[in-house]
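Have a look at the structure below, then the notes.
Readers should treat all values here as calculations from the given coordinates under stated rules, not as data from a laboratory. Just so we're clear, the structure is a prediction, and the values are computed from it rather than from any experiment. Cβ sites come from the backbone with ideal geometry, for glycine too, and all protein chains shown count toward neighbours.
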Amino acid sequence: MADLHVLRNHPLGLEGARGLVDAWIADGESRFGLQCALTRTADGDVVAFSRTGVSGTLRASASDLELTARLGFLLRPYAQRIAAEIQRQLDQSLGTPP
């Protein structure tokens with residue numbers, strides 16, 4: 001079971017979602033030291049990410065984005081705070097009002 005689960009519908013289509021995925025990877029690698037592996041298919045993208053204390057996936061399709069993550073022992077107490085920040089940033093990227 002994931003400690004974090006965020007699902008958002010979007011109107012961007014697959015190409016727009018791929019732009020967000022590419023930006024998410026660049027930001028995650030530079031700001032948070034994530035190691036990301038991207039798999040692209042005709043139906044969408046899947047990013048597997050990890051670093052000490054966290055691992056998970058970001059899935060993007062033509063209609064939605066879904067992030068699931070498993071937090072390590074030291075980060076679990078901050079799960080709600082981390083989820084809220086992920087949701088805020090995702091909503092901002094999608095242009096969704098808070």
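Pair-distance distribution P(r) for region 4-94, from all Cα-Cα distances in 10 Å bins starting at 0: 17, 53, 27, 3 percent. Counted residue by residue at 0.36 nm each, then reduced by the alpha carbon distance between them, the extension gain from Ile86 to Asp27 reaches 20.0 nm.
With K and R counted +1 and D and E -1, the other residues having a Cβ less than 9 Å from that of Gln35 yield a net charge of 0.
Mind checking the angle between helix 13-32 and the chain's longest principal axis? C-alpha axes, 0 to 90 degrees, to the nearest 10. It works out to around 30 degrees. Near Leu71, within a Cβ-to-Cβ distance under 12 Å, what is the net charge of the other residues, with Lys and Arg +1 and Asp and Glu -1? Surrounding charge for Leu71 is +3.
3J(HN,Hα) along region 79-90: 4, 5, 5, 5, 4, 4, 5, 4, 4, 4, 5, 5 Hz, from the Karplus curve 6.51 cos²θ - 1.76 cosθ + 1.60 with θ = phi - 60°, whole Hz, x for Gly and Pro.
Its relative contact order, with pairs defined as Cα atoms under 8 Å and 6+ residues apart, puts region 4-94 at 33 percent. Within the shell of other residues whose beta carbon sits under 13 angstrom from the beta carbon of Asp45, the net charge comes to -2, with Lys and Arg scored +1 and Asp and Glu -1.
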